[in-house]
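*Asks:* I'd like to ask some things about the structure below.
The values are calculated or read from the model by the stated rules, or taken from the named source; none is laboratory data. Computed from a predicted model, the values in this text were never measured in an experiment. Glycine also receives a Cβ, built like all others from the backbone with ideal geometry; neighbour counts cover every protein chain displayed.
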Amino acid sequence: MSQVLLEKIDRIAWVTLNRPDKLNALNHEVLHELERVFADLEQDVEVGVVVVTGAGEKAFVAGADIGELKDLDTAGARVLALRGQAVFQRIESMPKPVIAAVNGFALGGGCELALACHIRIASENARFGLPEVSLGIIPGYGGTQRLPRLVGKGVALDLILSGEMTPAADALRMGLVSRVVPQAELRATAEKLARTLLSRGPLALRSALTAVNEGLEMPQEQGLLFEAALFGLLAATTDMQEGMGAFLEKRQAQFKGL
Ligand code: COA
C-alpha cells in the first residue's frame, strides 16, 4: 500500500499521507513519494488545486520519523534536512494553490509541511507544534524560517523554544491557520474552498502566489515593482478579457488559463 495516496477528482488533487499506525510520520519513503507526487501535480494541466491531508482521524502528520532520526550523524542529519527542505520548497513553489487540510496532530515535520502549503485549514481537534527541542534538535524542514514569516518572530520563538502543542483555536488566533471547522466538515470545507479557487483565473492565482512568495523575500519597494510587473503581464491575457467581460455581462467567467 502506497504511503502517499493521490486521487484526482474534478481538477482537485487529494494527497493523503497514509501511515495512520505511525500517525503519518514522514519517513524516507514518504518524503520520496511526496516529491514524486508533487512533480506529477505540477505538470498536470488537469489539476488546478491540491489538497494535502492525513489518513485517519488522529493525525495530519506527527513529524519526521523519529526511528530514522535517531542514528543520524552530522553529515547525514544535514543531508536529511536539506532533502526535506527541498521537497517542501517544491510544494511552496507550486504554481497552483496547495491547501493543507489539517485533520489532527501537525507536529514537527507535519507542522512544517502545513507551513509549506499556501492555505491552512484545520479541524477543531488539530494540534500544532514544533517539539524538536524536546528531542534535542531543532526544526529542520523549514520551520525556523517559515513560522516566523507567517506568525511573527515572538509567537514563532514561543512555539519553537517551548516545543508546546497549540490547539486549533489558538492556531487560528495566531494566524497559523486561516479557518477551523468541526472534523466532520473538514473535507467538505477543503473541497468548497478548492472549488472557489478553481473558479478563479488560474494565471491570476499563479501570479498572486509568485507575487506573495517572492515579494516577501524582497524589500517592499522592489516587491511593489514586482507586483506591478506581474499585474502588467496579466493585462495581456485572454483570461483578463474574459474575467472583466464576464463581470460587465453579469455572467460567470470561463477562464482558460490563456
Ligand atoms: N515518528 C515515528 N513514530 C511516531 C511518531 C514520529 N514522529 N509519532 C508517533 N509515532 C508512532 C508511535 O511511536 C506509535 O507507534 P507504535 O504504536 O508502534 O508504538 C504510534 O505512532 C502512535 O503514537 P502514540 O505515541 O502511541 O500516540 P499518542 O496518542 O499516545 O501520542 C503524540 C500522540 C503525537 C503526542 C505522540 O505520538 C508524539 O509525541 N509523537 C512524536 C511527535 C514529535 O516529537 N514529532 C517531531 C519529530 S521531529
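*Asks:* Kindly indicate whether any position in region 155-163 is under 22 Å from Val47 (Cβ atoms), of a type outside the set (A, V, I, L, M), more than 16 Å from the ligand (Cβ to nearest atom) and at pLDDT 95 or above.
*Replies:* First, the residues of region 155-163 that are under 22 Å from Val47 (Cβ atoms): none.
No.
*Asks:* Is it fair to say Leu203 is of a type outside the set (Asp, Glu), within 22 Å of Gln43 (Cβ to Cβ), surrounded by 12 or more Cβ atoms within 10 Å (Cβ to Cβ) and more than 17 Å from the chain's Cα centre (by Cα)?
*Replies:* On the way: of a type outside the set (Asp, Glu): yes; within 22 Å of Gln43 (Cβ to Cβ): yes; surrounded by 12 or more Cβ atoms within 10 Å (Cβ to Cβ): yes; more than 17 Å from the chain's Cα centre (by Cα): yes.
Taking the combined requirement at face value, the residue satisfies it.
*Asks:* Only one of these conditions is not met by Phe88: (1) more than 19 Å from Val151 (Cβ to Cβ); (2) within 16 Å of the ligand (Cβ to nearest atom). Which number is it?
*Replies:* Condition (1) is where Phe88 drops out.
*Asks:* If you don't mind, another one. Arg83 is checked against (1) surrounded by fewer than 16 Cβ atoms within 10 Å (Cβ to Cβ); (2) more than 23 Å from Arg200 (Cβ to Cβ); (3) away from the ligand (no atom under 11 Å from the Cβ) and fails just one. What number does that condition carry?
*Replies:* Arg83 satisfies all of (1) surrounded by fewer than 16 Cβ atoms within 10 Å (Cβ to Cβ); (2) more than 23 Å from Arg200 (Cβ to Cβ); (3) away from the ligand (no atom under 11 Å from the Cβ) except (1).
*Asks:* Looking only at residues in region 39-78 that are within 16 Å of the ligand (Cβ to nearest atom) and part of a helix (DSSP H, G or I), which one is surrounded by the fewest Cβ atoms within 10 Å (Cβ to Cβ)? Can you show your working first?
*Replies:* Of all residues in region 39-78, those within 16 Å of the ligand (Cβ to nearest atom) come to 54-72, 76-78.
Applying the additional criterion that residues be part of a helix (DSSP H, G or I) yields 66-69, 76-78.
Numbers: Ile66: 14, Gly67: 10, Glu68: 16, Leu69: 19, Gly76: 12, Ala77: 13, Arg78: 12.
Checked region 39-78; the qualifying residue surrounded by the fewest Cβ atoms within 10 Å (Cβ to Cβ) is Gly67.
*Asks:* While we're on this one: Which of the strands (runs of 3 or more DSSP E) found entirely inside region 84-124 contain at least 3 residues meeting this: touching a residue at least 60 places away in the same chain (Cβ under 8 Å) and under 16 Å from Glu191 (Cβ atoms)?
*Replies:* Working: elements: 98-102, 105-107, 119-123.
Qualifying strands (runs of 3 or more DSSP E): 98-102, 119-123.
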